[in-house]
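The next block holds one structure in the form of structure tokens; read it before the comments.
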Amino acid sequence: MSDFQSYPSWVMPIDKVLEDLNVNLSSGLSDEEAEQRRIKYGYNELEKKPHTPLWKLVLEQFDDHLVKILLLAAFISFVLAFLEEGFEAGFQSFVEPIVILLILILNAFVGIWQESNAEAALEALKDLQSETACVRRNGKQVSDLPSRELVPGDVILLHVGDRVPADCRLVELRTATVLIDQASLTGESVSVQKITDCVADEHCELQSKENMIFAGTAVSSGSCVAIVVQIGMSTEMGKIQSQLQEASMEDDDTPLKKKLDAFGELLAQIIFWICVLVWLINWNQFLTITRKSPVVLENGELHEEKNLSFLTAFPYEISFNFMKATYYFKIAVALAVAAIPEGLPAVITTCLALGTRTMAKKNAIVRKLPSVETLGCTSVICSDKTGTLTTNQMSVVRFVTIADGGAGSRTFSVSGHTYNPADGCVEEMVVMGEEDRSVRSGGVGSVLAGGAVQPSNDQVARGGGINEDRSVHSIHSSNISSRSISGISPNRSRYDEADNGTEVNSHHLHNSPLEGGRGQGLDANLCVLMECAAVCNEAALECKNGLFRAVGAPTEAALLVLVEKLLGGSGGSAASSSSTITTLRNQRLHTPQEHPMPFVAALRAHLPVNALLEFSRDRKSMSVLISPLSDAPNVLYVKGAAECVLERCSKALLPNGQAITLTPTLRKEILASIELMADSALRCLALAYKPHLDASLSSYDKSPTHPARTILENMANYAAVESDLTFLGLAGLQDPPRPEVAAAIAECKLAGIRVMVITGDNKKTAEAVCRSIGVFPPQTKQQKQSLDGAKRDVKEGRKKELQEEEEEEENAFSFTGRDFMALPKDKQLEILATAPALCVSRAEPRHKHDIVKLLKALGEITAMTGDGVNDAPALKLADIGIAMGISGTEVAKEASDMVLSDDNFSSIVTAVAEGRSIYNNMKAFIRYMISSNIGEVASIFLTSALGLPEGLIPVQLLWVNLVTDGPPATALGFNKPDPDIMTKAPRSSDESLVTPWVFLRYMIVGSYVGIATVGAFVSWYLFEDFFGIHLAGDGHSTVTWQQLRHWRTCREWSVLGAGVNESSLSTLAFSPNSFTTVTGQVIGPFTNDPCSYFEGPGKIKASTLSLSVLVVIEMLNALNALSEDNSLFKVAPWTNPWLLAAITMSITLHAVILYVPMLANIFAIVPLSAPEWALVLLWSVPVLLIDEVLKLLGRCHNAAVERRGKRKAKKVADEETRKRKKDE
């Protein structure tokens, strides 16, 4: 064989496969041939992607606009601090660059940690590979050959529990059946039976390759021989790894990162131009250009030339002051520090981390922080079916038996969706005759204490009985046997053989350990049916930590749960239950770990199995030969595919214990029930028994010399043994939808989120689940009326026609993975863009991956759920990959962004609501922090533009941005979600964080913050009393506005013409007074350098006032951020107590640096007196009023937009109505 990678072995006969692979089945490969093939094809292992070097990961963390600006600001600040004062400079000069660098290093470490975890999914795949394999080599069996040494053509042997080491073609079944659990690869909810026959379609999906077993799957039943055809990266598992690596390369930034990057780029441009503008405004302070006009001799005198052009007016005298240039450069740096919200990354990380804690309490564990915000803009949820929308626990949801007299059937519904028998009960629904197959909703009885079937209240009111249309049969005492129970079965007497009836062999039912259970209300048919379900069954239930789980086949475990529900329903009184029944019920209630299925155990003890006739593909059934503990003869119980078992039935057991002939009419009735279950996508099993066996089988006692031994050892005899059966009933099983999923789907639709189901299960099952949970649109009124008409119409042709119409409409949103991917790409995009819902069944891993890629190309924010290895590539590629915590594989969990600890779809919807709330809160604190930063920028800009002394130094701005603003910003993340948060359509992923209106609000509020900060600074220099607040108590000197603006010329104020008008400045030398602080500290004197009154220690009080106004005003601004548009009178501050606590903390921290001398020296501030605090409040409080006015304008604007939208929608609706009427 030249190329095994694309070899379609599933369509080849076994002989052809052996020939192509050049291998002998009995001897396997020789060591020499195996070595040659290993050289050619390599080892059977998954490739490992080279790790990204640490240095590259580090550099990637600094590839961000905001980070680059902060790095530049830190570098420049460090250089300036060093150049001005050298290494002996105080700690204060270096605080700013050191803190900035520490923040950036911390963020880099967090980013590297996340990057390292992201690739762990590829490593987890290797855990699914088998370590050893049992192989035939050189004609001998090697039981522990390392799996990595397997090559194409190796003959391997597999047994129960083995993990398949490579993709193999099945060539020999060593047991009657071989079941493979390939749920993690294909998503199928039950183990798949494998065959050796060829598959006709070369291009079929994985699920249809029934003669192939795939690497990473497990043998759940049987043993077999197979030939390795693909190894390593050529296996289906290897293809998944390739897709996973591809998805890693295509991993896009989250919407939040994109928005923050765009915001950082915009901020960088704004900062750059503001810095340039500051330099342009003050260029004449450090650069002087003087033109010297040439002189000419005129009339013997020297005169300046007046009429020279600009180009001829040479030379120019240029003077540059380096110290002043450095000063304004520092102002530009301070401006950059003020404009950049250094605390924003930390606050965002904190908010997202707090959000993850909240979501974890709601069963959604977030692995990657940005995913919290991405959830908020999710527009499509692609959900797996098994285990997410359903419970992944098979349950009997319906069972059917023959009605009294053989006139039709009676159908019981079973509630509950787990393996816990206490979860749900049994209800008798209807009795359906051949005239009407409709199921009526009224009069549903329920199973009460101890499994006694009782009528519901409305049935009692109607008086019971069979209605004239024979469709509804109410339950009362005449329908339920109240005879004494033996073995949970009535002590059945022998009935007369009337109406072609035969007697029931009841000897084996005597002397049960449950003797005396009078009043259970179980008729003979139900009793034998439960016996069959309990003993013709190889599964078991177990309970660990309060959770029930299946041991063995899920379908068989579901039958055990049915037995426990019917026989041991909770509740009940002593009057209606025997002591044994009560004891068994209490065992399961109080000690479920030791007694998870006490009724089944009691039945199995009373009815031990003598022989097991195992399942075979040709008869599609299994049976057990039981030997009652009494002297009664053996009885055969049979369970299998409904049509196959029914075909071998000749009688049917009635509720009164009478076995009647299975007439064609009754057989047709049972087939109609089977068809009804199939239409509901239920897996239908039939149960039957054979009370009259031939002499050899009826007396078989496991003796090796017994005559029946030869019959039981030959599987070819099983069909004859399972003949002439008595039909007991049908059981309809399904993996039921989780009860809370339907409401979650409805909530998704209300929130504008489309749900698409992508599953590996078959199409009919997937469609039935979609219908039951509301994924598909509900029927219109006209459709319902047509359907009701069809039910009244007995003509089968009309019913079939309407059913085809319904299926055709539903099929517009339902495809198999193969059919969907066969469509042209433009058609695929059209369906994904317009379909209100979608169901893709029989989906392979590449189908899920490609669908997610198409949705992302449409601009959808896609959340993808999954639990299997097959889901990992799509989980990695999706904007939000959501893995299942209970049933999910480690591969899926490592590839995901979020893990559901309860495997529940409704938890996703809860997480989406939480994500939306977090985003709104994030916008609130970003709005708060940016408006505060704009205030800082405005303060520095005004100071520079007006020529005032520097009010705030960089270390003070850094303190405000990191420490003082941090707690309130974080507390805004605790804002309560809006009540209508899940009634709004998902926001666009490219929605800007800063809309034009928000930016205008930033500018208005920020401008006032800047004005107030500068205003407090100026007030201290200009006024002794300001609006009734006495400020001169500290003894400081006041100056005029013009003096303050020209403070750098203070040394020249004693000389007229020093660049200032004579009327504005004093002609006397300027000598400011010393002043004191509230603690008695004296600041001054300033006789040697009067200009130091406006810089250094002289401005310390004014600078403190300016800083305090900034802190207080930002605390009030945090209250404004509680709601984007709602007034503080509507959303009161105490709605978020965390914010009040954070504001208190920030004010306390500010007071600490004010009143602790060591800290006050670092930040160049002094304590304030009561009048000075009053001045701070005077300048701060108006920010509340300003924002209230802006919120009012915002509400008016939103209302106007909403009115316009309603008018437009009404106009469109009216136009459509007129058009429809015109067409009619």
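Here are a few things to note about the model shown:
- Hey, residue 641 touching a residue at least 24 places away in the same chain (Cβ under 8 Å), open to solvent by 20 Å² or more (accessible area, probe 1.4 Å) and not charged (D, E, K, R) or not: yes
- All of 755, 741 fail the test of being over 27 Å from residue 175 (Cβ atoms), modelled with pLDDT of 90 or more, open to solvent by less than 60 Å² (accessible area, probe 1.4 Å) and within 35 Å of the chain's Cα centre (by Cα), apart from 755.
- Candidate set: segment 1026-1045, residues that are in contact (Cβ under 8 Å) with a residue 60 or more places away in the chain and open to solvent by 60 Å² or more (accessible area, probe 1.4 Å); chosen: the one farthest from residue 1169 (Cα to Cα): 1045
- Residue match in segment 369-385 (condition: open to solvent by 10 Å² or more (accessible area, probe 1.4 Å) and modelled with pLDDT of 75 or more): yes
- Any chance residue 1039 is at pLDDT 85 or above and part of a loop (DSSP other than H, G, I, E, B): yes
- Just one residue in the set 1014, 994, 998, 1005 is at pLDDT 75 or above, aliphatic (A, V, I, L, M) and over 14 Å from residue 1180 (Cα atoms); that residue is 998.
- Some residue of segment 711-720 being closer than 18 Å to residue 624 by Cα and either crowded, with 21+ Cβ neighbours inside 10 Å or among the hydroxyl-bearing types (Ser, Thr, Tyr) (or both): yes
- Cβ separations smaller than 6 Å between residues 6+ apart or across chains give the following pairs from segment 255-270 residues that are closer than 21 Å to residue 987 by Cα to residues that are acidic (Asp, Glu) and at pLDDT 70 or above: 256/373.
- Check on residue 1151, closer than 26 Å to residue 1020 by Cα, out of contact with any helix residue (DSSP H, G or I) (no Cβ under 9 Å at 6 or more places or on another chain) and in the same structural domain as residue 1078 (by the TED database): yes
- Odd one out for residue 940 among (1) assigned to a loop (DSSP other than H, G, I, E, B); (2) open to solvent by 10 Å² or more (accessible area, probe 1.4 Å): (1)
- Leading residue by the ranking (modelled with the highest pLDDT) among those in segment 611-648 that are acidic (Asp, Glu) and assigned to a loop (DSSP other than H, G, I, E, B): 618
- The residue list 1106, 1092 contains one member that is hydroxyl-bearing (Ser, Thr, Tyr), at pLDDT 85 or above and assigned to a helix (DSSP H, G or I), which is 1106.
- Any hit, segment 166-176, residues being among the acidic types (Asp, Glu) and without any contact (Cβ under 8 Å) to a residue 24 or more places away in the chain: no
- Top-ranked residue in segment 980-991 [being of a type in the set (Ser, Thr, Tyr) and either surrounded by 13 or more Cβ atoms within 10 Å (Cβ to Cβ) or at pLDDT 75 or above (or both); ranked as farthest from residue 858 (Cα to Cα)]: 983
- Output for segment 956-979, where each listed residue is among the β-branched types (Val, Ile, Thr) and either modelled with pLDDT of 75 or more or closer than 17 Å to residue 1011 by Cβ (or both): 960, 970
- Qualifying residue in segment 1012-1023 (condition: open to solvent by 30 Å² or more (accessible area, probe 1.4 Å), touching a residue at least 60 places away in the same chain (Cβ under 8 Å) and not charged (D, E, K, R)): no
- Residue match in segment 1129-1138 (condition: at pLDDT 85 or above, basic (Lys, Arg) and out of contact with any helix residue (DSSP H, G or I) (no Cβ under 7 Å at 6 or more places or on another chain)): no
- For residue 1154, the test of being open to solvent by 60 Å² or more (accessible area, probe 1.4 Å), under 14 Å from residue 1104 (Cα atoms), in contact (Cβ under 8 Å) with a residue 40 or more places away in the chain and of a type in the set (A, V, I, L, M, F, W, C) is failed.
- Residues in segment 356-368 that are modelled with pLDDT under 75 and buried (at least 23 other Cβ atoms within 10 Å of the Cβ): there are none.
- Residues that are in contact with a Ser or Thr (Cβ under 8 Å, 6 or more places away or on another chain) and either β-branched (Val, Ile, Thr) or open to solvent by 60 Å² or more (accessible area, probe 1.4 Å) (or both), drawn from segment 1109-1137: 1109, 1111, 1112, 1113, 1130, 1131
The values are calculated or read from the model by the stated rules, or taken from the named source; none is laboratory data. Since this is a predicted model, take the numbers as computed values, not measurements. Every residue, glycine among them, receives a Cβ derived from its backbone with ideal geometry; neighbour counts consider all protein chains shown. To get the accessible areas, we keep the full protein, side chains included, count just its heavy atoms, and leave off ligands, DNA and RNA. Shrake-Rupley method; radii C 1.70, N 1.55, O 1.52, S 1.80 Å.
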